[in-house]
Ligand SMILES: Nc1ncnc2c1ncn2[C@@H]1O[C@H](COP(=O)(O)OP(=O)(O)O)[C@@H](O)[C@H]1O
Ligand code: SF4
Ligand SMILES: [Mg+2]
């Protein structure tokens with residue numbers, strides 16, 4: 001980005017506090033990233049790391065028990081604290097989301113045609129006839145067979161893969177600047193996953209959108225985005241260009257995720273490495289490094305305070321106080 005060029009979306013020091021029955025809990029801390037127009041960013045991490053809650057914060061869709069701090073700017077405009085009426089004008093219009101489970105986004109009581117046309121009428125003010133024409137064209141573009149004839153069908157009359165195509169058409173109806181895809185293929189058959197990811201990639205390139213792709217799968221991230229952040233325990237533990245992170249993983253957690261990924265062609269019977277231990281509850285995070293309980297390199301100082309994000313290359317940051325050890329080829333005890 002040239003000096004002075006403003007990012008499309010800029011998140012800085014994002015925090016999310018949840019008021020739970022056991023008292024307030026800082027579920028998300030120090031999440032910062034910037035997204036330029038037309039750029040793709042991946043968010044990767046195991047289930048429960050805070051990926052979805054972060055995405056919901058960007059859309060102003062957090063539950064009532066959540067309090068957001070820090071800053072989320074879209075084209076320079078602050079979104080934290082924006083009244084819901086103003087958020088409604090942005091959602092589905094300038095920022096859209098594709099959810100993991102298509103039925104989360106689809107209303108079973110309405111025809112699919114109505115659901116794709118509705119944001120067009122609401123945000124662009126076009127006539128019902130024009131919205132229907134555009135909706136059919138969109139459904140055709142996302143690969144739904146015979147969309148004119150099936151315009152008045154209901155969600156349950158489609159397969160899971162077709163339903164996800166319909167939600168993609170809904171999300172793209174108003175040509176948003178930012179598309180957030182939260183595990184868009186996790187609920188689908190493996191044979192369909194590739195097709196849906198390719199469709200999203202084609203549409204993102206065609207419309208020049210910026211995209212945030214959320215996945216627990218490092219392989220999906222490696223193939224689909226230019227830059228990435230790795231989340232753990234509600235914070236960013238590593239960030240950089242996808243090339244930089246994959247060529248030099250600086251955080252013990254990223255290294256563990258990489259070793260744990262399933263490999264094509266692995267010898268039958270090869271044990272899949274996993275990261276020992278479980279993800280901490282976001283409502284009950286330790287004070288220091290959130291990975292401390294699972295990290296082979298932990299020392300007392302790791303538990304004292306949240307480690308700062310240390311730059312190990314241009315734009316490549318790692319939130320660990322022992323990157324020097326973590327980056328040695330075979331850090332003692334760190335190999336699972
Ligand atoms: N409203 C809430 N109240 C309490 N805890 C919540 C709430 N929303 C999310 N969480 C916490 O966040 C965790 C899941 O975070 P999430 O962002 O969904 O993770 P991911 O998308 O990475 O799997 C849950 O395990 C829970 O601890
Ligand atoms: S700060 Fe310490 S516990 Fe955390 S990842 Fe680095 S070495 Fe492991
Ligand atoms: Mg999630």
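Some observations on this one:
- Based on Cα contacts under 8 Å between residues 6+ apart, the stretch 1-131 shows a relative contact order of 23 percent.
- Gyration tensor analysis over the Cα atoms of the chain returns equivalent ellipsoid semi-axes of 36, 23, 18 Å (largest first, whole Å).
- Set of the stretch 155-183 residues, backbone N closer than 19 Å to the point 7 Å along the Cα-Cβ line of residue 226: 176-181
- 222 nm mean residue ellipticity, helices alone, for the chain (DSSP H n ≥ 4; -39,500 (n - 2.57); rounded to 500): -9000 deg cm²/dmol
- For the stretch 26-170, the convex hull drawn through the C-alpha positions has a volume of 146 cubic angstrom per residue.
- Counted over the chain, the DSSP beta bridges are approximately 60% antiparallel.
- Share of Cα-Cα pairs in the stretch 113-193 lying beyond 16 Å, as whole percent: 50
- Projecting the alpha carbon convex hull of the stretch 59-136 along each direction and taking the average yields 6.7 nm².
- To the nearest ten degrees, helix 112-124 and the longest principal axis of the Cα atoms of the chain are 90 degrees apart.
- For the pair residue 65 and residue 243, the difference between a 0.36 nm per residue extended length and the Cα-Cα distance amounts to 60.3 nm.
- Cβ crowding within 10 Å ranks 151, 87, 253 as 87, 151, 253, fewest other Cβ atoms first.
- Approximate spin-label separation residue 186-residue 84, in nm, with each point projected 7 Å along Cα-to-Cβ: 2.6
- As a length-normalised measure over Cα pairs under 8 Å and 6 or more apart, the relative contact order of the stretch 158-265 settles at 20 percent.
- Stretch gain in nm, segment residue 301-residue 129, where the contour uses 0.36 nm per residue and the Cα spacing is subtracted: 55.5 nm
- Once you divide the Cα radius of gyration of the stretch 1-68 by 2.2 N^0.38 Å, the number left is 1.27.
- Length-normalised contact order for the chain - Cα pairs under 8 Å, 6+ apart - percent: 20
- Cβ-Cβ FRET estimate between residue 325 and residue 149, R0 fixed at 56 Å, reported to 0.05: 0.35
- Contour minus Cα-Cα distance for residue 20 and residue 206 (0.36 nm per residue): 62.7 nm
- Packing-based exposure ordering (other Cβ within 10 Å, fewest first) of 89, 51: 89, 51
- Within the stretch 134-162: backbone nitrogen closer than 16 Å to the residue 110 label point (7 Å, Cα to C-beta): 134-136, 139, 151-156
- Put in order of Cβ neighbour count within 10 Å, fewest first, the listed residues 126, 295 become 126, 295.
A short reminder: the numbers here are calculations on the coordinates, not readings from a lab. Model, not experiment: these values are computed from the prediction. Cβ: placed from backbone, ideal geometry, glycine included. Neighbour counts: every protein chain shown.
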